[in-house]
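The values are calculated or read from the model by the stated rules, or taken from the named source; none is laboratory data. Worth saying up front: this structure is predicted, and the values here are computed from it rather than measured. Positions of Cβ are generated from backbone atoms using ideal geometry, with glycine treated the same way; all protein chains shown enter the neighbour counts.
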Amino acid sequence: MQPPPRPTGVTINLASMVDVTMCLMIFFMLTTHMVKNENSTIDLPNALSAKDVEKKDLGERFVVNIRSLERADGIAATYVVQEKPMTLVDLEERLRSERLRTSDVNCVIRADRDLPYKYVQAVMLVCAKVGVQKVTFSAVPRGDRP
Amino acid sequence: MMSPRRGFSPTLNYAPNLASMVDVTMVILIFFMLGTSVNISEGVLPTELPSRVGPGGDSEINVVPTVQIALMESTDPPGCRIIVMERELVQNTFASLSAFLRERIAAGADPKGRVLIGAEPGVAYQNVISAMDACVRAGFSNIQFSVNTNVKIDVN
């Protein structure tokens with residue numbers, strides 16, 4: 001008569017789960033990096049009518065971030081494109097070269113909500129100068145905060 | 001004399017334990033998933049500069065808007081004063097601006113007509129966006145901005 005088989009430990013094979021999880025993790029790491037490169041941390045204004053659109057529907061996006069900077073004599077601004085601070089002259093050159101590359105440039109302005117309007121107006125003037133007609137304002141789609 | 005051990009092959013004991021690796025990977029995965037979803041939750045308000053302005057830019061053009069809105073700096077009340085067609089709103093809020101514009105459309109104004117928003121240089125950007133938001137919510141679709149070319153800019 002044969003002896004009864006010994007009880008064996010039941011284990012789940014986690015190798016395939018690790019594969020899938022690693023793929024997802026790498027995807028999110030890369031995506032987050034791209035978003036961060038384009039978008040600085042900015043306290044965007046609120047607008048209930050702001051539409052959540054697909055990036056491809058905006059054409060060739062050129063994102064200009066405008067950060068407010070508190071100074072003793074008031075609020076100044078820093079223009080940032082792809083995490084690089086630049087002057088209005090640099091911005092004009094960059095925008096002009098984008099405009100030469102493609103005619104469908106859409107200038108997306110992301111500015112701090114407390115920033116004086118003149119800094120945003122300056123970017124719109126630069127757009128007009130180089131012939132970029134499409135200007136889009138980024139906003140958070142919700143009502144006014146107190 | 002000892003008999004040889006029977007049962008499963010001893011090679012099974014060398015499989016690495018992946019449970020702790022899965023734990024760490026899942027935590028990192030959840031972190032990136034949440035981080036990404038925070039970054040992409042923003043909407044847009046599109047506008048177009050008048051085609052006669054560029055290229056060459058900052059030239060003066062004459063336009064006849066359906067509605068003209070001016071935002072003036074104000075300390076009392078704090079924020080800005082809203083002036084529509086050269087008349088100040090009774091209630092200085094963007095909700096009343098939206099209601100006023102809705103009345104204009106009900107009275108026969110063309111919702112595709114040009115709405116021109118102008119703001120003083122010191123007005124907070126949020127107020128300009130709120131004015132644009134009020135126009136869109138009222139039903140106007142062609143919103144444009146007038147700009148002052150003689151403003152000094154401090155850039156850091």
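It is to be established whether one or more residues within region A:57-65 are more than 8 Å from every other protein chain (Cβ to nearest Cβ), surrounded by 14 or more Cβ atoms within 10 Å (Cβ to Cβ) and part of a loop (DSSP other than H, G, I, E, B). Before you say what the answer is, go through the steps one by one.
Let us first name the residues in region A:57-65 that are more than 8 Å from every other protein chain (Cβ to nearest Cβ), namely A:57, A:59-65.
Among the residues that remain, those that are also surrounded by 14 or more Cβ atoms within 10 Å (Cβ to Cβ) are: A:59-65.
Of the ones still in play, those that are also part of a loop (DSSP other than H, G, I, E, B) are A:59.
Scanning region A:57-65, I find at least one residue that is more than 8 Å from every other protein chain (Cβ to nearest Cβ), surrounded by 14 or more Cβ atoms within 10 Å (Cβ to Cβ) and part of a loop (DSSP other than H, G, I, E, B), so the answer is yes.
Just to be sure I understand, how many residues within region A:88-105 are closer than 23 Å to A:Ser68 by Cβ and more than 7 Å from every other protein chain (Cβ to nearest Cβ)? Break it down stepwise before answering.
First, the residues of region A:88-105 that are closer than 23 Å to A:Ser68 by Cβ: A:88-92, A:94-95.
Those left that are additionally more than 7 Å from every other protein chain (Cβ to nearest Cβ): A:89-92, A:94-95.
Final tally of qualifying residues: 6.
Inside region A:106-146, can you point out the residues that are within 7 Å of chain B (Cβ to nearest Cβ), over 15 Å from A:Ile42 (Cα atoms) and assigned to a helix (DSSP H, G or I)? Those that are within 7 Å of chain B (Cβ to nearest Cβ), over 15 Å from A:Ile42 (Cα atoms) and assigned to a helix (DSSP H, G or I): A:Tyr117, A:Lys118, A:Gln121, A:Ala122, A:Met124, A:Leu125, A:Cys127, A:Ala128, A:Lys129, A:Val130.
The test for being surrounded by 17 or more Cβ atoms within 10 Å (Cβ to Cβ), at pLDDT below 90 and over 30 Å from B:Leu18 (Cβ atoms) does not hold for A:Ser103. In region B:75-95, the residues that are assigned to a loop (DSSP other than H, G, I, E, B) reach residues that are surrounded by 16 or more Cβ atoms within 10 Å (Cβ to Cβ) with C-beta atoms within less than 7 angstrom, at least six apart or across chains, in these pairs: B:Met85/B:Val67; B:Met85/B:Gln68; B:Leu89/B:Ile82; B:Leu89/B:Leu97; B:Leu89/B:Phe100; B:Asn92/B:Arg81; B:Asn92/B:Ile82. Scanning region B:120-147 for residues that are modelled with pLDDT under 90 and facing chain A (nearest Cβ under 7 Å) yields B:Pro121, B:Gly122, B:Phe145, B:Val147.
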